[in-house]
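Following: one structure in C-alpha cells, then a few remarks.
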Amino acid sequence: MKCLIVLAHPLHDSLCSHLAKATIVHMESKGYNITVKDLYKENFDPLLRAEERASYYAEMVMDERLEKDIAQLQETESLVLIFPTWWFSFPAILKGWFDRVWAPGYAYNHASDFGPITPNLTNLREVKVITTLGAPWWVDFFILQKPVKKILKIALLGACANNATFKILSLYNSEKLDDLKVKAFIQKIQLTF
C-alpha cells in the first residue's frame, strides 16, 4: 500500500522526528511502500496565493511546484500525519499544506445546486495521526473537546476522503516525558498502526 508520511516539525531532532522514524520502521515492517514528506526540510511554502484562492470556483490556477504534491496525495492510499499541536491547532506549515494541496478540483469538488461537496480522494483508505501536546489530556478532552481531531476527521476527511478510516494518537505532557514514556508511546503506535 502506498503510504505518505507527512512530518511537520522544524527541528530535525524533535520528539515528532523521533516518533516519525519509529513509525517509518514499523510501517515498512508491515509492507507499506513509504514516501516521507518533511514539510520543513522541503521548505514547503504554506502561503495560499491570491490567484490560487481567486480560482477556487473557476479553472484552478496552480503553482507548478504544487503539481507533484497534488499528484502524490491523489496516489496515496495510507496517509500518516506527524506534528506537534501548537495553540490547540496545526503548525502553520501543515495548515498551509492542507490549504494549498487539498484544493478544490483535486481533493474535492464544490457543492452544487444539486448536491453536496463530493470527495475526490477515493484512493485514500486510511489516515493515521500522531501528535504531541504540551498540555495534559484533560485540557484537550474536556476544555477544548479535541479540535484537531474534529477538523481532520469531520472537515478535511469528510469533504475529501469520507471512506477513509481514521485513527489519532496524542502524546500529552510531551515536554515532561522520560525515555520510558516515549518507548511506551512508540509501542502504542506499533499496536495501533
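FYI, it's all coordinate maths here, none of it is from the lab. Fair warning: this is a prediction, and the values are worked out from it, not measured in the lab. Neighbour counts are summed over all protein chains in view; Cβ atoms, including those assigned to glycine, are modelled from backbone coordinates with ideal geometry.
In straight-distance terms, cross-link reach from residue 153 covers every one of the aspartates and glutamates whose alpha-carbon lies under 15 Å from its own, apart from those fewer than eight places away in the same chain; here that gives 126. Between residue 187 and residue 113, the FRET efficiency estimated from the beta carbon spacing at R0 = 45 angstrom works out to 0.30.
Per-residue extension of 0.36 nm, minus the Cα-Cα distance of residue 64 and residue 26, leaves a gain of 10.3 nm for this segment.
For region 14-101, the list of chymotrypsin sites (Phe, Trp or Tyr not before Pro) that fall in a loop by DSSP and count at most 13 other C-beta atoms within 10 angstrom reads 56, 57, 87. Among the trypsin sites (Lys or Arg not before Pro) found in region 1-40, those both in a DSSP coil and sparsely packed, with 14 or fewer other Cβ atoms within 10 Å of their Cβ, are 30.
Considering only 154, 11, 190, and ranking their Cα positions along the charge dipole of the chain that arises from unit charges at the beta-carbon of Lys, Arg, Asp and Glu, the one farthest toward the positive end is 190.
Legend: calculated FRET efficiency, residue 13 to residue 143, from the Cβ-Cβ distance at R0 = 35 Å, rounded to 0.05, equals 0.70. With each label modelled as a point 7 angstrom along the Cα→C-beta vector, the residue 125-residue 72 pair spans 2.2 nm. Taking the helices alone, the chain has a mean residue ellipticity at 222 nm of -9000 deg cm²/dmol, built from -39,500 (n - 2.57) per DSSP H run of at least 4 residues and averaged over all its residues. Only lysines eight or more places from residue 68 in sequence, or on another chain, were considered; those with a Cα closer than 21 Å are 2, 37, 41, 95. Once the Kirkwood radius over Cα pairs is known for the chain, the Stokes-Einstein relation at 4 °C and 1.567 mPa s delivers a diffusion coefficient of 74 µm²/s. Beta bridges assigned by DSSP with both partners in region 2-192 are antiparallel in approximately 15 percent of cases.
Membrane-span-like helices in the chain (whole DSSP H runs, Cα extent of at least 18 Å along the helix axis, mean Kyte-Doolittle hydropathy of at least 0.5): 15-29.
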